[in-house]
1. What's the number of the condition Thr279 fails, among (1) loosely packed, with under 15 Cβ neighbours inside 10 Å; (2) without any contact (Cβ under 8 Å) to a residue 60 or more places away in the chain; (3) among the hydroxyl-bearing types (Ser, Thr, Tyr)?
2. In the same structural domain as Gly247 (by TED's automatic domain parsing), exposed (fewer than 13 other Cβ atoms within 10 Å of the Cβ) and of a type in the set (D, E, K, R): is that true of Arg147 in this structure?
3. Kindly evaluate Leu229 against the criterion of being over 30 Å from Ile267 (Cα atoms), assigned by TED's automatic domain parsing to the domain that holds Ile263 and either surrounded by 13 or more Cβ atoms within 10 Å (Cβ to Cβ) or within 26 Å of the chain's Cα centre (by Cα) (or both).
4. What number of residues within segment 196-215 are assigned to a helix (DSSP H, G or I) and of a type in the set (Gly, Ala, Ser)?
5. Could you go through segment 86-94 and let me know if any residue there is under 29 Å from Ile281 (Cα atoms) and surrounded by fewer than 16 Cβ atoms within 10 Å (Cβ to Cβ).
6. Restricting segment 61-89 to residues that are over 20 Å from Leu316 (Cβ atoms) and hydroxyl-bearing (Ser, Thr, Tyr), which is modelled with the lowest pLDDT?
Amino acid sequence: KLGNIVLMRSLASILQVLVYSYPLLLGFLLIMSVELLRRYTGRFFKALLKYRVAYLMLVPTFVLLLVFYYFPVVIAFIRSFTDWNIHESSIREIKFIGFDNFKKMFTEGYFLIGLQNLSILIITAFLKILTVPLLVAEMVFLMKSDRVKYWFRFLFVVPMVVPGIVMTLMWNRIYDPSIGLLNNVLGAMGLQVLQRSWLGDPQTAIWAIVFMGFPFINVFAFLVYYGGLIDIPSSLFEAAKADGSNGWWNFTKIHLPLVSPQIKMLIILTFIGTVQDFTNIFVLTGGGPGVSTYVPGLELYFNATRFGQYGYASALGLVMFIAILGGTIVNMKMKTNAEYND
């Protein structure tokens, strides 16, 4: 408690200094940039008057974003440093507890176990998104007949109309220990020794989640890769053909380098989606058996809905946001450096 009081007083002192110094700093900047402000202010208001109808049409969108996105994010950030929970009926009862919620993640609960499971899901998700969809897109791209290409694209895109929850429930039936397709196929092949409760066994549950969606033809990734391939100038293929190149050379020296922007984009989206998503695990196992499929997203959901630990759930959300932001920045930095070197 003494440490929290000292921390709060320190923060209050820093805030007070900032509040007092801000007007002085702002006034200094205004004096130093009067001419610049006059120039750009005039341009701004001219553009505002010229395109006033377009700006007025954007106002409702910005208001909705402010009310339903930015405001909740700010409130969640503030309350991640409090003991806000279901038992406190008023704002006055909420207490500032500093970084206790963040310490709790690494000393109590199942956050660290969730990170271990999440690391498995992220690594396998990268492997799935970087292999099969790319190879399928390459296969369709190399087909000679435009009609055949069209029908293959159509067949691959059709599953997108099926809701994701339907696919999850279908895999739940496949893994069923008594009537599931997987155990029945193993039994028909004489491999009864391999039959088991795939989602009920702590040794296989996380891998059953990983193998959902086999053969891993992610339609969105397929379309992204295919779009990148068809944008490659035909002159490159003609020059490579004149030099006597083969298919493997074209794939490694032309196709892969020129679809690298798509690859990096999919890496970012896959990382964000894997960190955020817990729907399949919630429907199939609920994080079990035990904690064998527990992930941080599920920890956040349970604390916010079942346990009523809103402050701790806000802290979990903040940590996940920082992880996603950090991963995205690192990937974008690598992308920028690669483009600069090229």
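The values are calculated or read from the model by the stated rules, or taken from the named source; none is laboratory data. It should be emphasised that the depicted structure is a prediction, and the values quoted were computed from it without experimental measurement. Neighbour counts run over all protein chains shown; Cβ positions are idealised from the backbone, glycine included.
1. Only one criterion in (1) loosely packed, with under 15 Cβ neighbours inside 10 Å; (2) without any contact (Cβ under 8 Å) to a residue 60 or more places away in the chain; (3) among the hydroxyl-bearing types (Ser, Thr, Tyr) is unmet by Thr279, namely (2).
2. On the way: in the same structural domain as Gly247 (by TED's automatic domain parsing): yes; exposed (fewer than 13 other Cβ atoms within 10 Å of the Cβ): yes; of a type in the set (D, E, K, R): yes.
Yes: the conditions hold for Arg147.
3. Working: over 30 Å from Ile267 (Cα atoms): no; assigned by TED's automatic domain parsing to the domain that holds Ile263: yes; either surrounded by 13 or more Cβ atoms within 10 Å (Cβ to Cβ) or within 26 Å of the chain's Cα centre (by Cα) (or both): yes.
So Leu229 fails the test.
4. Filtering segment 196-215 for residues assigned to a helix (DSSP H, G or I) gives 205-210.
Still in the list and also of a type in the set (Gly, Ala, Ser): 205, 208.
Total satisfying the criteria: 2.
5. At the first step, the residues of segment 86-94 found to be under 29 Å from Ile281 (Cα atoms) are 86-87.
Next, from what is left, pick out any that are surrounded by fewer than 16 Cβ atoms within 10 Å (Cβ to Cβ): 86-87.
Within segment 86-94, one or more residues are under 29 Å from Ile281 (Cα atoms) and surrounded by fewer than 16 Cβ atoms within 10 Å (Cβ to Cβ).
6. Initial filter on segment 61-89 (over 20 Å from Leu316 (Cβ atoms)): 61-68, 89.
Narrowing the set further to residues that are hydroxyl-bearing (Ser, Thr, Tyr) leaves 61, 89.
Working: Thr61: 87, Ser89: 59.
The qualifying residue modelled with the lowest pLDDT is Ser89.
Okay, residues lined up against (1) among the small types (Gly, Ala, Ser); (2) surrounded by 12 or more Cβ atoms within 10 Å (Cβ to Cβ):
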site: Val166; (1), (2): no, no
site: Thr204; (1), (2): no, yes
site: Trp207; (1), (2): no, yes
site: Ala239; (1), (2): yes, yes
site: Ala242; (1), (2): yes, no
site: Trp249; (1), (2): no, yes
site: Thr252; (1), (2): no, no
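Yes/no matrix, rows are residues, columns are (1) more than 24 Å from Ala323 (Cα to Cα); (2) basic (Lys, Arg); (3) over 19 Å from the mean Cα position of the chain (by Cα):
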| position | (1), (2), (3) |
| --- | --- |
| Asn184 | yes, no, yes |
| Gly213 | yes, no, no |
| Leu258 | yes, no, yes |
| Thr274 | no, no, no |
